[in-house]
Amino acid sequence: MSSTNGTRPVRVTVNGTVHEATVEPRTTLSELLRSQLGLTGTHVGCEHGVCGVCTVLIDGKAVRSCLTLAVQVDGSEILTVEGLAAADGTLHPLQEAFSAEHGLQCGFCTPGFLMAVYALLTEKPDAGEDEIREVLGGQLCRCTGYQSILRSVMRAAAQFRESKLEWVR
Amino acid sequence: MSLDCLPVTERRWIGRDVVRVEDRSLLTGRTRFIDDVVLPGMLHCAILRSPFPHARIIQIDTSRAEALPGVAAVVTGADALAWCQPARSTPEGWGLRCLASDTAHFVGEPIAAVAAASRAAAEDALEAIDVEYEPLEPVTDPFRAMSGDSPLVMEGKGTNVMFHRVFTWGEVDAAFAGAEHVFTEKFRWNRVGANPTETFGTVCEWDPGTLELCVYGSIQAASSAALGCAGTFGIPSSKVTVKSQHHGGSFGGKGGARGIVVASMLSRKAGGRPVKWIEDRSEYLVAGGGQAWDRHYEASIAVSGGRVTALSVTLVDDLGASGEGFGALGAAKPLAAFTGPYEIPTARYDLSLVATNKTPVFPYRGMGPPPHFFVLEQMMDIAARALEIDPAEFRRANFIPADRFPYTIPSGNEYDSGNYGEVLDAALSLAGYAELRREQEEARKQGRLMGVGVVSTVEPGVFDWNAYAIVGMPQTGVPEGATVSIDILGSITVRVGFSMEGQGQYTLVSQLVADYFHVDMDAVSVVQLDTRSAPPSFGPGGSRLGVAISAAVLGACQRLTGTLRRVAAALLRAPEDQIELWDGNFVLKDRSGGALSVAKVAATMLARSDLLPPGVDPLPEATYVWTAPGRTPADDEGRAKSYLTAAQAVHVVVVEIDPDTGVVEILKYAVADDCGVRLNPATVEGQLDGSIAQGIGAALYEEYVYDEEGQPLVATLADYLIPTINEIPVTQKTAVVTPSPFTPLGAKGCGEGAIHTTPAAVMCAINDAMAPRGVLLTEVPASPQRVWKTIREANR
């Protein structure tokens, strides 16, 4: 339902918490998450859908939150990087793998990589290197040269295949 | 000199692959980047930019914008004229003000700016600003810009030539005149640049009560930014505080000075409300700090008896519309390694810095040697090919011998140490070089274009301002400080003046202190201070901070140990000179008597004034500010002992070219490098990997394209092709370690070596592949179009 000044209400579940917000039609999902819900772990790198830094999950699918309008996610379940670690602060195995393999340097692109890889491995736990490379090919990193990221994901994928329960959020 | 200087039986942290202390916050999204900063009453800025490369600004009317809801302030060039000086620049006197007032000099130059309740409202208001322009003829070709009939970028200057000088080091003319062979070629390096995944951003607050300016931002060099603000606004530097946020990469090209000044003016005009400006990606690409090295080269080398006897390089460097980005430093830095790893006795550098109506250039990782070494290494291959010498052996024959270090090159810098032949052997062995040449022979028989590049470069590390003396940097030395402080419970805090930007320097600090005082890394915290609180600090840049901060922290630990030892001597009732720190305890050198832990001594200082020896303050902390020893001011020909260390690397690259499409595929990439002692081998490897990827981008994909009228054709990351994982090969790496005799732990600067080497190596491999066709590609990036056209020339 649209109000007289053009704003609309949206109701979303982010990392398990229900939020109600009022947005302009032009408000993007990344703006909703960052500015209105205070979830600044999702970063914005290009605002035109190329770099993948802003990747989050909507109903289990990885999407560019900079190209998604907030009104489009009304009623959806969203997972962001803040939803990966356990409530007590224990890192998600994917996060542990990135740290162990030095899969990050400045860390600005990292949330996007984590969410894209999380979406892939929860959907295809047996994804091989080619499939992993295909997904990583949608994410830009300017620091690492990707080799350590690939190692991180391969390590995480092997771990995931052994213990799925610890993995899914 | 080495890690053995640490007072422990066994090192547990330094020199090992340790998990970074930075990671946990970054991986959970908790690290606060600049766009995450929200201050009470904060406004948002948007900037109106020139659509013309060169135009007179006849009139600006901001009244409609000012009347829009939520708009708190609008600034234009008139405000800039009233409140600001032009930016400091190299060369001096070529800076512009933050907002153009009468003339627009490049597409994207800021014209006006709005502060409003939201970014969207501010962007809406830009559309209500009416600007009347009179387009002027632009100049985009630096050779035309140098001619007498060119339009002038800055009218008052009377010329577009910012700088021209010829530097002669040794008897160059005689060397060329007496040479058996002289080889000459022209080269073109097109604009590339940093493009960190986070653009520049800032929050500025001009306090009308105290008349002080506070700046938060994704700022690489906070202290330089603070001095810049003071100079621009004509206020005492003690009234400016810069707090650099942890930021998403920089690579020298974060930029942002104009944004800081514009946001500060808006804050001033809005009664002191903080103003946030976050550069969007298109702003960064078109007019941010991301463009570097727009270069036209001509080079000659003289060769006699298989030895290079002279190198002459003529560079016309297109700096764009002003010197505000300090891109000129990148033309000066090659003096620190002009002749690369070779024993070339004479050299000449004919350097022109030219203004055009394009975006000003900024530093980028490597700061100038990447194009220089691209040229030098092509010349080495051109000579080797003509003389029918294997390119690896031609390089070996010209290497500076291992027994000649420290070695002074003709352009004045001194290389600290190295063993170049050993590094070459390691690289050739790792790559299976002999076998590669056999494979290449087979490939050539089949008509395939397979090539091998073998390239060696030197990475000047630990930068010094004196390296840039020729373009107007008067200082010698770059101080970096740290304070090490122990609290009453024995926890250790290290205070530094720089933020995290990806290199893992907080981890390095923690490793070093944890080993020095024999505690766990968790017991050490690293805290960043703002520019008014921190000891002298430059921060990251110039492959310097790892060496500089480890030296500063080591110095502070040693100084603190001296204080603690006086207290320990009193408590142990022993002469001070009989006591030493070992494994975290103060003990007698002969190991008789008791031991006192560092924590206990510190706690005693703070909590038992009755036990404090006379003359000792209750302050268990020490500050040490390090600057590289033995640096010398530059002489008239620019010669100085500048960069303290000289790392060296050999890259072996194998490529195959598809002759039908011009697409280059990298089949193999092997690296041997010597950057001295590796303080955290995993982060050193990360620097190598990232730098190789950027080098491949520069060699094959990345380019800021302008049309002849000066319109940028690159405005998104779909136009500027940053490599993805699928463009970067898996590399093989090996290390040789020649410790630096000049740095406290034997480490050398290592952040830029690969980008010095990679573009040259890839281009040498491409030209090796095309050699049977008798053609040479002399322009980077080697896009499929350029490679295909070059091959077509051969078919004519």
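Note on residue A:122: accessible area approximately 50 square angstrom, rounded to 10, probe 1.4 Å, nucleic acids and ligands left out. Ranked by solvent-accessible area (1.4 Å probe, protein heavy atoms only, all chains present), the residues A:28, B:356, B:623 order from largest to smallest as B:623, A:28, B:356. A Stokes-Einstein calculation at 20 °C with viscosity 1.002 mPa s, built on the Kirkwood radius of the protein assembly as shown over Cα pairs, returns a diffusion coefficient of 73 µm²/s. Quick one: compute the contact order of segment B:1-141, relative version, from alpha carbon pairs under 8 angstrom and 6+ residues apart, as a percent. It comes to 34 percent, rounded to a whole number.
For segment A:93-163, relative contact order (Cα pairs under 8 Å, six or more residues apart, normalised by length) works out to 52 percent.
Sorted into 10 angstrom bins from 0, the C-alpha pair distances of segment B:452-597 split as 10, 32, 27, 18, 9, 3, 0 percent. Heavy atoms of the protein chains alone define the surface here; on that basis the protein assembly as shown has 35 Å² accessible area per residue at 1.4 Å probe size.
In order along segment B:520-535, phi translates into HN-Hα couplings of 6, 4, 4, 7, 10, 10, 10, 10, 9, 9, 7, 5, 8, 9, 6, x Hz, rounded to whole numbers, per the Karplus curve 6.51 cos²θ - 1.76 cosθ + 1.60 with θ = phi - 60° and x for Gly and Pro.
At an R0 of 60 angstrom, the distance between the Cβ atoms of residue B:81 and residue B:589 translates into a FRET efficiency of 0.30.
The mean sequence separation of alpha-carbon pairs under 8 Å and at least six residues apart, normalised by the residue count of segment B:509-632, gives a relative contact order of 26 percent.
Placing +1 on the Cβ of every Lys and Arg and -1 on the Cβ of every Asp and Glu, with no other charges, gives the protein assembly as shown a dipole of roughly 1340 debye about its Cα centre. Each residue of segment B:465-479 was assigned a 3J(HN,Hα) from its phi angle through the Karplus expression (A = 6.51, B = -1.76, C = 1.60, θ = phi - 60°), giving 4, 4, 5, 10, 4, 5, 10, x, 10, x, 7, 10, x, 9, x Hz with x at Gly and Pro. Result for chain A in a Gaussian network model with C-alpha springs under 10 Å: among A:145, A:60, A:103, the largest mean-square fluctuation is at A:145. Using only helices, what value at 222 nm comes out for chain A when you add -39,500 (n - 2.57) per DSSP H run of length 4 or more and divide by the total residues, to the nearest 500 deg cm²/dmol? Rounded to the nearest 500, the figure is -8500 deg cm²/dmol. Our estimate of slack between residue B:705 and residue B:527, defined as 0.36 nm per intervening residue step minus the Cα-Cα distance, is 59.9 nm.
For segment B:533-589, applying the loop criterion from DSSP together with a ceiling of 12 other beta carbons within 10 Å to the trypsin sites (Lys or Arg not before Pro) yields B:573, B:589. Projecting the Cα atoms of B:177, B:274, B:339 onto the charge dipole of the protein assembly as shown, computed from C-beta unit charges around the Cα centre, puts B:274 farthest toward the positive end. On full extension, the segment bounded by residue B:117 and residue B:475 gains 124.6 nm, given 0.36 nm per residue less the C-alpha separation.
Taken as Cα centroids, segment B:470-544 and segment B:687-737 sit 31 Å apart, rounded to the nearest whole angstrom.
A straight line joining the Cα centroids of segment B:622-684 and segment B:55-88 runs 44 Å.
Dipole magnitude for segment B:257-315: about 380 debye, using +1 per Lys or Arg Cβ and -1 per Asp or Glu Cβ, origin at the Cα centre.
Taking the centroid of alpha carbons for each part, segment A:25-95 and segment B:270-286 are 23 Å apart. The length gained by stretching the chain between residue B:404 and residue B:576 to full extension, at 0.36 nm per residue less their Cα-Cα distance, is 57.7 nm. What residues of segment A:27-59 lose no less than 20 Å² of accessible area with every protein chain in place versus their chain by itself (probe 1.4 Å, heavy atoms only)? Buried by the other chains: A:34, A:40, A:43, A:45, A:46, A:47, A:48, A:50. Of B:464, B:149, the order by accessible heavy-atom surface (1.4 Å probe, DNA, RNA and ligands excluded), from most exposed downward, is B:149, B:464. Accessible area per residue was computed with a 1.4 Å probe on protein heavy atoms; residue B:216 scores about 60 Å². When segment A:93-163 is described by a simple charge dipole with +1 on each Lys and Arg Cβ and -1 on each Asp and Glu Cβ, the residue from A:127, A:139, A:163 located farthest towards its positive end is A:139.
For segment A:13-72, trypsin sites (Lys or Arg not before Pro) are listed when DSSP marks them as loop and at most 11 other Cβ atoms sit within 10 Å of their Cβ; the list is A:26. If only the Cβ of Lys and Arg carry +1 and only the Cβ of Asp and Glu carry -1, the dipole of segment A:8-83 around its Cα centre is close to 100 debye.
In Å² (nearest 100), what accessible area is buried between A and B, both sides summed, heavy protein atoms only, 1.4 Å probe? Buried: approximately 3900 Å² between B and A. Around residue A:131, under 14 Å between beta carbons, what's the net of Lys plus Arg minus Asp minus Glu among the other residues? Here the charged neighbours net out to -2.
Per-atom-type breakdown for segment B:264-413 gives carbon and sulfur 50% of the accessible area (1.4 Å probe, protein chains only).
With a 1.4 Å probe rolled over the protein heavy atoms of all chains, the accessible area of B:488, A:149 falls in the order B:488, A:149, largest first. A probe of 1.4 angstrom, applied to the heavy atoms of all protein chains, finds residue B:404 with accessible area near 110 square angstrom. Taken over the C-alpha atoms, segment A:93-163 has Rg and Dmax values of 10.8, 32 angstrom.
Given R0 = 25 Å, the distance between the Cβ atoms of residue B:489 and residue B:42 translates into a calculated FRET efficiency of 0.10. Within segment B:526-647, what whole-number % of the accessible surface is contributed by carbon and sulfur, with the 1.4 Å probe and all protein chains included in the calculation? Answer for segment B:526-647: carbon and sulfur cover 49 percent of the accessible area. Shape class for chain B: oblate, because the ratio a/c of the largest to smallest gyration tensor axis (alpha-carbon atoms, square roots of eigenvalues) is 1.5 or more and b/c is at least a/b. Within the shell of other residues whose beta carbon sits under 13 angstrom from the beta carbon of residue B:422, the net charge comes to -3, with Lys and Arg scored +1 and Asp and Glu -1.
The values are calculated or read from the model by the stated rules, or taken from the named source; none is laboratory data. For clarity, every value in this text was computed on a predicted model and none was experimentally measured. No Cβ is skipped: glycine too gets one built from the backbone with ideal geometry, and neighbour counts run over all protein chains shown. Areas reflect the complete protein model, heavy atoms only, side chains present, ligands, DNA and RNA absent. Shrake-Rupley method; radii C 1.70, N 1.55, O 1.52, S 1.80 Å.
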